[in-house]
Every structure is written in C-alpha cells, then in structure tokens.
Amino acid sequence: MEPKQIREGYLVKRGSVFNTWKPMWVVLLEDGIEFYKKKSDNSPKGMIPLKGSTLTSPCQDFGKRMFVFKITTTKQQDHFFQAAFLEERDAWVRDIKKATKCIEGGQKFSRKSTRRSIRLPETIDLGALYLSMKDTEKGIKELNLEKDKKIFNHCFTGSCVIDWLVSKQSVRNRQEGLMIASSLLNEGYLQPAGDMSKNAVDGTAENPFLDNPDAFYYFPDSGFFCEENSSDDDVILKEEFRGVIIKQGCLLKQGHRRKNWKVRKFILREDPAYLHYYDPAGGEDPLGAVRLRGCVVTSVESNPDGRKSEEENLFEIITADEVHYFLQAATPKERTDWIKAIQVASRTGK
C-alpha cells in the first residue's frame, strides 16, 4: 500500500554536495520526505526517511536566512529546508513532527484532534506570539520614526514591544517581557534597526533587547527601510515597499526573453499595490516588480505558447502598461487565492 501524501509545495533546500540553495518541489509522506527538481518530474531527486529522525525549528545555522528548519536522520545526515514565510514553515514543521510521532507509535497520520489534546503548552509559543504582534488591529503599531536625521519606516520602539506584552498579559512584568523579547530577537522574529539596537545585539549586554524608546526594531517581513539623504529616484523606488504585505509564497514565473519557467518567491503589497518577486534561494533585493494599479488578472487554460494545459493552474497579469506576466500556481485553489488577492490590491492600492 502506497504511503499517504500529507503535504506538498515548494521549499528551498540546501544541497548536500555543493551546499547551494535551490527551490525544490517537496512532498511529505507518512514515512518520509521526497523532493523533486520540478513538480512534473516522475521520480524524486532524493528521499529522507522520517523514522528515528529529529527536527530542529527554527534553525539559526545560516545567519540571515529565515524560516529554516533542519531534519537530522538516524545516519546523522542533516537536511535543511527554507520556507517562504513563517506560517508556511510552521505548517510543515507541525506535520513532520506529527508524522514522525505516528511512526514511533505505530499509528496512522490523521489531522483530527481530540478534546484531550487541546492543552495550552507550558512554554510560550514564540511563533504564535509573533503572529499576534503582527495583527493589524490588535498588534504592535508600525510607525515611521525619525532619529539622527534618518527616517525608519515600518518599525517600533523597544519600549512599545514591552508595553504590548504587558498590556496583553503575555508576561507578568517588564523584566519577564525583556526576556521574551530577547528570545523573539534571537529567533529572528524581531530585527534591530538603528545603531543603538544593533550595538546591543552585537555587544556583551545581558539582554540583547532594549526596553528603550530610542531603540528601534521591525518585523522581518514588514517592508522596513531606512531613508537618509535619498535622491528622488531612490524615494520613488522605496515607495514600492511602503505597502502592507497581504500575501506571499512561491509560484512559477515565465521569463519574458527565454520563455523558461523558474520558481520565484512573490510578495504582494497593497497601498501602493506591487507584486515583487525574488530568487527563493537567497537575496534581499527583488528581481523585479509588477505595478498592479489598474491591472487585469485572470486564469488561462493554455500556456503562452498556445499548447493546451488544463491542469497547469496558469494565470496572467496584464498591467496598465500592457505588460503580460504568466504565472503558475501549484493547485487550483492556490491560483484562485492569488487571483482574488491581486484583484483586491489592484482596486484598493495606489
């Protein structure tokens, strides 16, 4: 009997020979993880057995790389995967842990839970706390703060973080809040902005996080940037990143010149409405941007070469300047979700 498929999608995997990071189509089965160079490939490039393996998340072995988790097999082989965003990583981690536990207990994987399993963890869930902090209504408010003739966009002060933790009763006092905030900083959920907060992270202080109104921090996916004596062109470019992120993930994109398809990480922002795409294997700067104001987005039933492809989940964006972008989602639902999100952004964004 074939192992049950639990989850699939694009992740960036670190190679075991050349140590390069490349996007892979990853499939989680009940007994292991298969990874493919392309979704359409018939045979996997490799397979990781889950029996006896251990999982580390978050994995901080690679500096600026975020949302990485590590699987170590019984033969002490390490496999590193990077997700596009926090929720995606945590979803993979939850299912891998559950699948591994089911193997150990001789049970079948099931997503159904019982009332007995609904218990609050004894330790604080930093991932869940991070999502609460980012809530647009009840979370920490992102501001544009000025210091030393610089403007820090999409950030907040260290004191604001501690104030929020205390007000939400996530901690009992400011000292405990300082400890939790330091943990969030160490795990990459918060990033330092400005000399004061960066020096505290790099220094020998007891706590790398500062409960200080002059210490600035930001969320890693917030679109943070710092302005200092910018030219007019720089200001126009940075304007693209002011928008709030409303959706992100990996899609296949067709190149305009060679017409080849490559996996790209897409980040959708609104007000102003832009769709930026990045190399998922690394790089902080986008490879390109799609201005969405006034665009038309629709699903298509054949690829740009005219060949019929009913199950390819293709969709097209036509900008106000009549530039065509062809993208491919992994599933029909994912295609529908992206189309709806882009349509909303195109109507409401500047």
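Values as computed for the structure displayed
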{"quantity": "Heavy-atom accessible area ranking, 1.4 Å probe, most first, across 179, 47, 24", "calculated": "179, 47, 24"}
{"quantity": "Whole-percent carbon and sulfur share, accessible surface of region 126-276, 1.4 Å", "calculated": "46 percent"}
{"quantity": "Candidate residues 154, 256, 276: accessible-area rank, largest first, probe 1.4 Å", "calculated": "256, 154, 276"}
{"quantity": "Accessible-area value, residue 59, 1.4 Å probe, nucleic acids and ligands omitted, Å²", "calculated": "10 Å²"}
{"quantity": "Distant-in-sequence amide H partners of residue 215 (H built 1.01 Å from N, under 5 Å)", "calculated": "158, 159"}
{"quantity": "The chain - mean residue ellipticity at 222 nm from DSSP helices (-39,500 (n - 2.57) per run, n ≥ 4, rounded to 500)", "calculated": "-7500 deg cm²/dmol"}
{"quantity": "Rh by Kirkwood over Cα pairs, then Stokes-Einstein D for the chain at 1.002 mPa s and 20 °C, µm²/s", "calculated": "96 µm²/s"}
{"quantity": "Global geometry of region 5-105, whether rounded, prolate or oblate, following the gyration tensor of its Cα atoms and the 1.5 cut on a/c", "calculated": "rounded"}
{"quantity": "Rh by Kirkwood over Cα pairs, then Stokes-Einstein D for region 244-348 at 1.002 mPa s and 20 °C, µm²/s", "calculated": "155 µm²/s"}
{"quantity": "For the chain: accessible area per residue (Å², 1.4 Å)", "calculated": "57 Å²"}
{"quantity": "Largest to smallest accessible area among 268, 287 [probe 1.4 Å]", "calculated": "287, 268"}
{"quantity": "Amide proton proximity set for residue 225, modelled H, under 5 Å, gap of 5+", "calculated": "153"}
{"quantity": "Equivalent ellipsoid dimensions for region 127-226 as semi-axes, Å, which come from the Cα gyration tensor, largest first", "calculated": "19, 17, 12"}
{"quantity": "Pairwise label distance in nanometres, residue 257 with residue 17, each label 7 Å out on the Cα-Cβ vector", "calculated": "2.9 nm"}
{"quantity": "Distance between region 150-190 and region 21-76 - C-alpha centres, whole angstrom", "calculated": "32 Å"}
{"quantity": "Listed pairs 70/141; 4/265; 13/51; 4/134; 4/333 exceeding 23 Å between Cα atoms", "calculated": "70/141; 4/265; 4/134"}
{"quantity": "Under-5 Å amide H pairs with residue 32, H placed in peptide plane, nonlocal only", "calculated": "50"}
{"quantity": "Chain lengthening between residue 186 and residue 43 when straightened (0.36 nm per residue, less Cα-Cα)", "calculated": "47.6 nm"}
{"quantity": "Heavy-atom accessible surface of region 5-105: percent carbon and sulfur, 1.4 Å", "calculated": "48 percent"}
{"quantity": "Karplus (6.51, -1.76, 1.60) ³J(HN,Hα), θ = phi - 60°, over region 259-272, in Hz, Gly and Pro reported as x", "calculated": "6, 8, 9, 9, 6, 10, 8, 10, 10, 9, 10, 10, 6, x"}
{"quantity": "GNM top mover of 266, 225, 69 - the chain, alpha-carbon springs below 10 Å", "calculated": "225"}
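The values are calculated or read from the model by the stated rules, or taken from the named source; none is laboratory data. Only a predicted model underlies this, so the values are computations on that prediction, with no experimental measurement involved. With ideal geometry, Cβ positions are generated from the backbone for all residues, glycine too; neighbour counts draw on all protein chains shown. Remember, those area values only see protein heavy atoms, side chains included, never the ligands or the DNA or RNA. Shrake-Rupley method; radii C 1.70, N 1.55, O 1.52, S 1.80 Å.
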